[in-house]
Amino acid sequence: MNIDIIFRIAGIGILISVLSIVLKQAKKEEQAEMLTLAGVVVVLIIVVQLMNQLFTVVRSVFNL
Amino acid sequence: MGIAQVVGLALVTTIILMILRQQKPVMALVLSIVFTVVIFIAMMGKMAAILEVMKEISCRAAINNMFFSTLLKILGVAYLGEFAVAICQDAGEQAVARKVEFAAKIIIAVLALPIMVAILESLMELMPG
């Protein structure tokens, strides 16, 4: 599960960069920007969940 | 997670990061955060084992439990602070990184205060008069 999440993020990143290049070529600049924003938000949600897991683990290990 | 897996994961992540950094720097930053978190979580299990042994040893040496738990807390604060500082420096935000470092230092100093008081008290006991 752990390694999975890295490849998921990398996949989303590469997909979004390719799609935004395509959209820019098709003269749809603002849609490319929106796509980038949406991708960042989606990835950020995953990251926040992961951070929550990290903080829980650290708190339980170090009795913080 | 063995060292071979960590190294392999790091190499793959580095190569993906090099590709992503040209196109989408934000995604590259998020990916490096995720990599850091994954490594941290993977290592925390082993860290817990080390701490278990240390706790056992300190119990046998009859050291005051308060000292050991303070030490653990300081270790945790240092780990978390170092994690945030590394990410901020990766993103080129030196100012934010410095502030996190500063906050971690202050928090560690506050946590260490009881130990300092205990040292001073034992010193007072040792001194005659």
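Structure data summary
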| quantity | calculated |
| --- | --- |
| Selection status of A:VAL40, farther than 13 Å from B:LEU31 by Cβ and part of a helix (DSSP H, G or I) | no |
| Any hit, the range B:44-60, residues being surrounded by fewer than 14 Cβ atoms within 10 Å (Cβ to Cβ) and closer than 30 Å to A:LEU15 by Cβ | no |
| Close pairs from the range A:1-25: first under 16 Å from B:VAL26 (Cβ atoms) and facing chain B (nearest Cβ under 8 Å), partner surrounded by 13 or more Cβ atoms within 10 Å (Cβ to Cβ) and among the charged types (D, E, K, R), Cβ under 7 Å, at least 6 apart | A:GLY13/B:LYS24; A:ILE16/B:LYS24; A:SER17/B:LYS24 |
| Qualifying residue in the range B:77-87 (condition: at the interface with another protein chain (Cβ under 10 Å from one of its Cβ atoms), farther than 30 Å from A:ILE14 by Cα and modelled with pLDDT of 90 or more) | yes |
| Enumeration of residues in the range B:1-43 that are more than 14 Å from A:ILE9 (Cα to Cα) and small (Gly, Ala, Ser) | B:GLY2, B:ALA4, B:GLY8, B:ALA10, B:ALA42 |
| Lone qualifier among B:ILE50, B:ILE74, B:ILE57, B:ILE63 - being more than 14 Å from chain A (Cβ to nearest Cβ) and assigned to a helix (DSSP H, G or I) | B:ILE57 |
| In the range B:108-129, residue farthest from the chain's Cα centre (by Cα) [restricted to those that are part of a loop (DSSP other than H, G, I, E, B) and not aliphatic (A, V, I, L, M)] | B:GLY129 |
| The range B:83-106 residues that are acidic (Asp, Glu), paired with ones that are in a helix (DSSP H, G or I) (beta carbon under 8 Å, 6 or more apart) | B:ASP90/B:LEU29; B:ASP90/B:SER32; B:GLU101/B:GLY81; B:GLU101/B:VAL85 |
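The values are calculated or read from the model by the stated rules, or taken from the named source; none is laboratory data. Just so you know, these numbers come straight off a predicted model, no measurement behind them. Quick reminder, even Gly has a Cβ in these numbers, built from the backbone with ideal geometry, and neighbours come from all protein chains shown.
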